[in-house]
Each structure stands twice: as structure tokens, then as C-alpha cells.
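Notes for the one structure printed next.
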Amino acid sequence: MAVAFFIIGVSFSIFIRCGFKAEHYLIKDFDIFGTELTNPNETIDEKKSIRRVYDTLRNQLLFEIAARVEYQFSAYINNVSLINQCYATSVTAIIDNDILLEELELKLDSDIYFESEIIEKGTDLWSHPKLKEYRWFYHRDHNYVALCRSFIGFTGSFYDKVFIPQKEYTIEITCKTTDNLKISKSIKLYLKL
């Protein structure tokens, strides 16, 4: 009987000390992709199906920001245990920084027109006072490392008021993270809105 209690006590001690492992990651870089709704007649929201676009962006200015994370360390609740090496049945992944979507920059390499006014190339469209009310952004599964993605774009009557000449554009997105990392990336897409 005493042996059974001893075995139960040792097993419980190992479980308590080994079951709370967390792996920490940091966003160190990102990739950007043009995206579109699988069904272009739908109104965009976080529940809609979105696919990547590699050549021509149609209907809406929508982009995916796919964060690339770097492993930092594992943290245990208690470093002292009866057995130094143990493996938890599930490991919690924690991303210790995040992209500040409200503070990003979105620039095109050509002029566009909004309500018949020119918005010059290189202007940050994301923080432009006339365009801010049309912004849309969404974090998808941001706590799950393999799917650390965000989506940004413009919605609503923005497309009734904007004229973007059809041609190939270099689109630059600059992101800042909560730990003050600043990264810029660009892609080339033909815009046909």
C-alpha cells in the first residue's frame, strides 16, 4: 500500500512539474501577399474565405501579412523536479510581440485619385485622413505560431470614391511591432479594381 502511494506521489510530482511548459517566439520578419475573397461578391469580414493572389489583384485592395517567428526559449513553471528531462503532452506556444496594425504604412508607387483629388505616389494610404474610415484589418489565429497571419485592406464605399489606374504597382507595407521592430516589404501586383 505504501508503495502505491509512493508511485502515485512521484507520478503526480512529475506531471505537475512537467506539464506547464511554454515555448516563446518573437515576430522577426514577415511576408506580404495580395489576397482576394474566394467569392468576390461577398462583403469582407473575418469569417470569409480568402486566397492569395500572385499576379492580378481584382475588386479590392486586400493584403495578407504572414509573420515569420523565431524561437526564443522554453519556460518551465519550476526548474527543480525529480526528473530533469521530461516532456509535456502539449506545449503552449506564446508569441511575445505583435504587429501594430493601426500603425502600419501602405504605399503605392503611382498616383491614385480619391473623390477626384490626387493622392501622390509614396503617400501612406493607411494613415491618410480621408481613407482611415475605410480601413479593415483582422488578426487570424495570432496565438498559434504556424498561422500567425493578419489581413488588411479597404472596404465599403471606398471603391465608389477611388480611381486606381489599371497597371502594375509596387506595393510597400511597413510594419512596426510592439517591441519597436520596424520592417518594410514590397510586392509587385497588377491592380484591376
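If amide H atoms are built 1.01 Å from N in the plane of the peptide, which residues on other chains or at least 5 residues away come under 5 Å of the amide H of N97?
I27
Past the 25 Å Cα-Cα mark, which pairs from K130/K167; K132/K176; K107/K192; K130/K192; K28/K130; K28/K167?
K28/K130; K28/K167
Exposure proxy check: T38, T178 ranked by fewest other beta carbons within 10 Å?
In order of increasing Cβ crowding within 10 Å: T38, T178.
What list of ³J(HN,Hα) couplings, whole Hz, do you get for the stretch 26-35 from phi and the Karplus terms 6.51, -1.76, 1.60, once you set θ to phi - 60° and write x for glycine and proline?
Listing the rounded values in order: 10, 6, 10, 6, 7, 10, 10, 9, x, 9 Hz.
In nm, to one decimal, how far is the N97 label point from the E168 one, both placed 7 Å along Cα→Cβ?
Distance between the two pseudo-spin positions: 3.3 nm.
Given the Cα-Cα distance of Y113 and H139 and 0.36 nm per residue of separation, how much length would full extension add, in nm?
Working it through step by step, the gained length comes to 6.5 nm.
Could you list which residues have their amide H under 5 Å from that of S127, counting only those 5 or more apart in sequence or on another chain, with H placed in the peptide plane?
L106
Please turn the phi angles of the stretch 121-130 into ³J(HN,Hα) values with the Karplus equation 6.51 cos²θ - 1.76 cosθ + 1.60 (θ = phi - 60°), one per residue in order, whole Hz, x for glycine and proline.
In residue order, the calculated couplings are 4, x, 6, 6, 5, 5, 9, 4, x, 7 Hz.
Once the piece of chain linking D55 and T178 is laid out straight, how much longer is it, given 0.36 nm per residue of separation minus the C-alpha distance between them?
Full extension from D55 to T178 adds 41.1 nm.
Bear in mind these aren't lab numbers, they're just calculated from the coordinates by the rules spelled out. For clarity, every value in this text was computed on a predicted model and none was experimentally measured. Cβ sites come from the backbone with ideal geometry, for glycine too, and all protein chains shown count toward neighbours.
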